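The values are calculated or read from the model by the stated rules, or taken from the named source; none is laboratory data. Keep in mind that this is a model prediction, so the values were computed, not measured. Note that we place each Cβ from the backbone using ideal geometry, even for glycine, and neighbour counts take in every protein chain shown. In case anyone asks, the SASA skips ligands and DNA or RNA and just uses the protein heavy atoms, side chains included. Shrake-Rupley method; radii C 1.70, N 1.55, O 1.52, S 1.80 Å.
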Amino acid sequence: PHLRADALVTTPWALSVTVPNGEACLVTSRHGRRVEIGPKVVLLDFEETLSTLALSRGPSKDGHATLATAFLRVEGGRVADTFELESSDFVRLRLKLGFAGHFEAGAPEAREAWFHVADPVKLLADTVRARVRASAQRMAAAQLLRGARELVQAALFADGPLQFPQNGMVLDQADVLALDIVDPALATQFQKLHRESLDLELKDQASAR
């Protein structure tokens, strides 16, 4: 029989757990703990069970909607988060970021640290939001719309990959997937100004030629 991550099972038979490729699980009992990394099939000994995580899901990774699972993706992990920020001229914008990262490999004790945070997705989102919002508050909305990618890279990767000592998580990459002004009327006005500016630039280039 296969073990569900959200249920305790009592059975006289050995339980088999299929650990997918690139994912890991934490096997616990009163005798100790061990991390199993896929791809593999693990047979649980008597009294052994899997530690359960609660990973944030949905467009906004704020912890309100979570997925109970025993498996943690430690290689090739990808996730997206959508949140709001405010510019120095008090314009509210909605930013969607895509992330890629991994968990640092090491000794068995270091691997156990992967499971020290029950919701690593929320930890990632909270840290990124705080950094990006702090940087965005020093820029006007027009600057943010033109230079969102540069702002994100500087806020997160000024000193190299963003590392999380709490659980060995490493953020390797962050991409701007979308950036919009929250107020529809203001968004329309910004689009109109952008088109007028682009039209003038094209006319200047034509005159220069």
*How far is helix 184-208 tilted off the main Cα axis of the chain, in degrees rounded to 10, range 0 to 90?*
60
*Enter the angle in degrees (range 0 to 90, nearest 10) between the Cα long axis of helix 120-136 and the first principal axis of the Cα atoms of the chain, meaning the one along which they spread out most.*
20
*Which whole-Hz couplings ³J(HN,Hα) result when phi for each residue of segment 97-113 is put into the Karplus expression 6.51 cos²θ - 1.76 cosθ + 1.60, θ = phi - 60°, listed in order with x for Gly and Pro?*
10, x, 10, 9, x, 7, 10, 5, 7, x, 5, x, 5, 5, 5, 4, 5
*Under the Karplus relation 6.51 cos²θ - 1.76 cosθ + 1.60, θ = phi - 60°, what is the ordered set of whole-Hz ³J(HN,Hα) values for segment 17-33, x standing for Gly and Pro?*
10, 8, 9, x, 4, x, 10, 9, 9, 10, 8, 10, 7, 5, 8, x, 9
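Gain in length, residue 88 to residue 209, computed as 0.36 nm per residue apart minus the alpha-carbon separation, to one decimal in nm? Intermediate values should be presented prior to the final figure.
Numbers: separation 121, 0.36 × 121 = 43.56 nm, distance 3.78 nm.
So the extension gain works out to 39.8 nm.
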*asked:* Placing +1 on the Cβ of each Lys and Arg and -1 on the Cβ of each Asp and Glu in segment 33-135, which of 76, 41, 132 has its Cα farthest towards the positive end of the resulting dipole?
replied: 132
*Keeping the other protein chains in place, figure out the carbon and sulfur percent of the accessible area of the chain, with a 1.4 Å probe.*
53
*Choice from 192, 40, 122 showing the highest fluctuation, given a GNM over the chain with Cα pairs closer than 10 Å*: 192
*Built amide H within the under 5 Å cut-off of residue 23, gap 5+*: 38, 74
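Per residue, how much accessible area does segment 98-166 have with a 1.4 Å probe, in Å²? Before the final figure, lay out the partial values.
Values: 3580 Å² over 69 residues.
Here the residues of segment 98-166 average 52 Å² of exposed surface.
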_Other-chain or far-sequence residues with amide H under 5 Å of residue 57's (modelled H)_ = 63, 65, 66, 67
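At R0 = 30 Å, how high is the FRET efficiency between residue 30 and residue 67 if r is their beta carbon distance? Nearest 0.05 is fine.
Values: r = 27 Å, r/R0 = 0.92.
Efficiency, rounded to the nearest 0.05: 0.65.
Convex hull over the alpha-carbon atoms of segment 140-196: what's its volume per residue in Å³? If you can, show how the numbers build up before the last one.
Values: hull volume 6.3 nm³, N = 57.
Spelled out: Cα convex hull of segment 140-196, divided by residues, is 110 Å³.
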